[in-house]
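Peer 1: Here's a structure for you.
Please treat every number below as a calculation from the coordinates, not as lab data. Predicted model, so just to flag it, every value in this text is computed and none were measured. Here Cβ is always computed from backbone atoms with ideal geometry, including for glycine, and neighbour counts include all displayed protein chains.
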Amino acid sequence: MQRHVSADQLKAWEEFPWKTTEQGASTSVLLAASPLVDGVTGRYFEDNNEALPRGDSEYSGVAAYALDPESATRLWDASEELLAQ
């Protein structure tokens, strides 16, 4: 995706550490293939670890609304309703 980003935008993003393709895929591969996470569901992961609730950073961790059971129920109900149409 970086090939579609201007040089100016890349310069502005220099404060963020970039991952290699392998680093970017490692969490997905872990969750798809590792016996360490057998039976683990409904959790958020980042950088090969379960993600913690988001603190001051907007770029890591899990947002509070994503952990809210009431929001999850509303999303599930809305999804079922849309699929039934």
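Peer 1: Could you run the Karplus curve 6.51 cos²θ - 1.76 cosθ + 1.60 with θ = phi - 60° over region 30-47 and give me ³J(HN,Hα) per residue in whole Hz, x for Gly and Pro?
Peer 2: 4, 5, 7, 10, 8, x, 5, 10, 4, x, 7, 9, x, 10, 9, 10, 8, 6
Peer 1: Which parts of region 48-77 would a label at residue 18 reach, counting a residue when its backbone N lies under 20 Å from a point 7 Å out along Cα-to-Cβ?
Peer 2: Flagged as within label range: 59-60.
Peer 1: Helix-only estimate, please: 222 nm mean residue ellipticity of the chain, summing -39500 (n - 2.57) across DSSP H runs of length 4 or more and dividing by its residues, to the nearest 500.
Peer 2: Result for the chain, helices only: -12500 deg cm²/dmol.
Peer 1: Across the chain, where is the longest run that never hits trypsin sites (Lys or Arg not before Pro) in a DSSP loop with at most 13 other C-beta atoms within 10 Å?
Peer 2: After excluding every exposed loop site, the longest remaining stretch is 44-85.
Peer 1: How are the C-alpha pair distances of the chain spread across 10 Å bins, as whole percents from the shortest bin up?
Peer 2: P(r) for the chain, in whole percents per bin: 13, 29, 34, 21, 3.
Peer 1: Then there is this: For residue 44, what charge total do you get from the other residues with a beta carbon under 14 Å from its beta carbon, if Lys and Arg give +1 and Asp and Glu give -1?
Peer 2: Net charge in that neighbourhood comes out at -2.
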